[in-house]
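Data block below; observations after.
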Amino acid sequence: MKAIRIATLAAALCVGMTSVAAAQGTEPPQQGRGGGMGGMLLKDITLTDAQKAQVKTIRDKYVPQLQELRKSIQATGGPPDEATRTKMTDIQTKQTAEIRAVLTADQQATFDKNLVEVKARMANRANGSS
């Protein structure tokens, strides 16, 4: 009797874990999340496959540069100096302009609105509010 209970419990656990794993694997990724600033900039914009490929190429081009700057910031252990902050801003500005150039006029309007929202959010954080 005890063996039957244990086997039933084990089977129920396996079914439960399989259901959770299956649910995690089938949920579509949310476009406005997980992409950092870039994901927020593309919120409410549906990209074609060609645009997705172009955006990925643009991001891949700038990732090593941004990672290098982040490593240098972490190595100092404090906030970035003005030169590093300027380099990061320049790289992000170039990346943003290149991504915007891939979009249609309608998509650019949404992108520009998202950019204003991101900048406002960043300004609020800099001023101490969230």
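The values are calculated or read from the model by the stated rules, or taken from the named source; none is laboratory data. As the structure is a prediction and not an experimental result, all values here were calculated from the model. A quick note on method: Cβ atoms are made from the backbone with ideal geometry, for glycine too, and the neighbour counts reach across all protein chains shown. Just the protein is used for accessible areas: all its heavy atoms, side chains included, with ligands, DNA and RNA removed. Shrake-Rupley method; radii C 1.70, N 1.55, O 1.52, S 1.80 Å.
Considering only protein heavy atoms and a 1.4 Å probe, what is the carbon-and-sulfur percentage of the accessible area of the range 51-94? Intermediate values should be presented prior to the final figure.
Details: 1760 of 3180 Å².
Carbon plus sulfur share of accessible area: 55 percent.
Given a Förster radius of 30 Å and the C-beta distance between A101 and D81 as r, what FRET efficiency does 1/(1 + (r/R0)^6) yield to the nearest 0.05? Please report the intermediate quantities before stating the final value.
Numbers: r = 31 Å, r/R0 = 1.02.
So the FRET efficiency works out to roughly 0.45.
Residue separation of K61 and D49 scaled by 0.36 nm, minus their Cα-Cα distance, works out to 2.5 nm of gained length. Expressed in units of 2.2 N^0.38 Å, where N is the residue count, the Cα radius of gyration of the range 42-96 is 1.39.
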